[in-house]
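The values are calculated or read from the model by the stated rules, or taken from the named source; none is laboratory data. What you see is a predicted model; the values in this text were computed from it and never measured. All Cβ positions, glycine included, derive from the backbone under ideal geometry; neighbour counts span all protein chains shown. We work out accessible area using only protein heavy atoms, side chains counted, and drop any ligands, DNA or RNA first. Shrake-Rupley method; radii C 1.70, N 1.55, O 1.52, S 1.80 Å.
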Amino acid sequence: MSTYLLIHGAWHSGASWERVVPLLTAAGHRVFAPSLTGHGDKAELLGPEVGLDTHADDVVDLITEEDLTEVILVGHSYGGLVVSSAANQIPDRIARLVYLDAMVPEDGESALDIMPVTQVLLDMAVSSGTGWRIPPLPELPPPGGLFGVTDPADVAWLRTTLSDQSARCLQQSVRLDNPAARSIPRTHIHCVGSEPEGFERRPVPAIQPNGTPVQVWELETGHDCMVTKPAELADLLLKLG
C-alpha cells in the first residue's frame, strides 16, 4: 500500500480530485486530497495573508499529524510550488514528488518568476476592490475551455468548486535550501495538445536534482486532467506506487 497526497492548484479545491481518489483507493492505496487554506471547505479562511507558505504548512501539518511516511506527493499547477516547499521541510517523509502539469521552481522563485504572465493576475488584484483577491480565470474558447475542461457538464461542475486566490500565493518565493530534498525522485506529467495560444512550458532538465535521468510522461488532454482523464491519470500514478 502506498500513500498518495494530492495537492490542487490555484483557485481549485480538494474536490478537483474526486474522480481520481476512488481509483487509487480501489487499488488498495491510502489517499488524501485536502483543500488548502482559503479553498473548498476552508474558503472562509481566505485573506490577504494567505500565501505559498500557508499552503506548504497545510501539507506539512497534514503529513505530520497523520504521521505519514513514504508519501507520493502530487502537485497540480500552482501546487508544484506547494509540494516543493513542503518537501523541503520534511524530505524524510516524501518518497516521490510528482509535478502534474505544474510549476517547478528553483530556490527563491515565485509563481511570477516561473510564469511572468502571472503579472496580469496580480494587476487584476491590485485594481480590484480588495487589492489582493484574484478571481478564477475565465472560460476560453475551445480547445482552451475552463482550465482545459470543455464538456459543458464538467465545466458547470468545475465552476462550483472554484474560488478566489490570494495574490500572496503568486508573489511569495519558495525556499529550497535543504540538501536532503534533492535526493527525492521526481516524476513530471505534462498535459499536451490543448495548451493556450502562446503557452510555453519551461523545459525540464535532462538530469534531475538527485542525479537520475528525467522521467516525463504525457497525457493528451487539457490542464485539469484529473477532471478530463481521471482513469488515465490514475493509471500513471499507480505505476509509481
Viscosity 1.306 mPa s, 10 °C: Kirkwood-radius Stokes-Einstein D of the stretch 35-161 over Cα pairs, µm²/s:
98
For the chain, the accessible surface attributable to carbon and sulfur atoms (probe 1.4 angstrom, ligands and nucleic acids excluded) amounts in percent to 52
Placing unit charges on C-beta atoms (Lys and Arg positive, Asp and Glu negative, everything else neutral), compute the dipole magnitude of the chain about its Cα centre in debye, rounded to 20.
300
Accessible surface of residue 120 - all protein chains present, 1.4 Å probe, nearest 10 Å²
90
Pair residue 154, residue 61: separation of 7 Å Cα→Cβ label points (nm):
3.3
Place a label point 7 angstrom from the Cα of residue 180 along the Cα-to-Cβ direction, then list the residues of the stretch 76-98 whose backbone nitrogen is under 14 Å away.
86-95
Using the heavy atoms of the protein chains and a 1.4 angstrom probe, tell me the accessible area per residue for the chain in square angstrom.
44
Over the Cα atoms of the stretch 132-241, Rg to Rh with Kirkwood Rh, two decimal places?
1.01
Could you work out the per residue convex hull volume over the alpha carbons of the stretch 23-92, in cubic angstrom?
102
What's the longest bit of the chain with no exposed GluC sites (Glu not before Pro), using DSSP loop states and at most 14 other Cβ atoms within 10 Å as the test?
107-196
Which whole-number percent gives the relative contact order of the stretch 39-188, counting Cα pairs below 8 Å spaced six or more residues apart?
34
Span from the the stretch 150-197 Cα centroid across to the the stretch 29-50 one, whole angstrom:
14
Please work out the ratio of the alpha-carbon Rg of the stretch 69-125 to 2.2 N^0.38 Å and round it to two decimals.
1.24
Per residue, how big is the convex hull around the C-alpha atoms of the chain? Give it to me in cubic angstrom, could you?
118
Determine which residues of the stretch 12-54 fall in the zone a paramagnetic label at residue 126 would reach in this model, i.e. backbone nitrogen under 19 Å from the point 7 Å along Cα→Cβ.
48-49
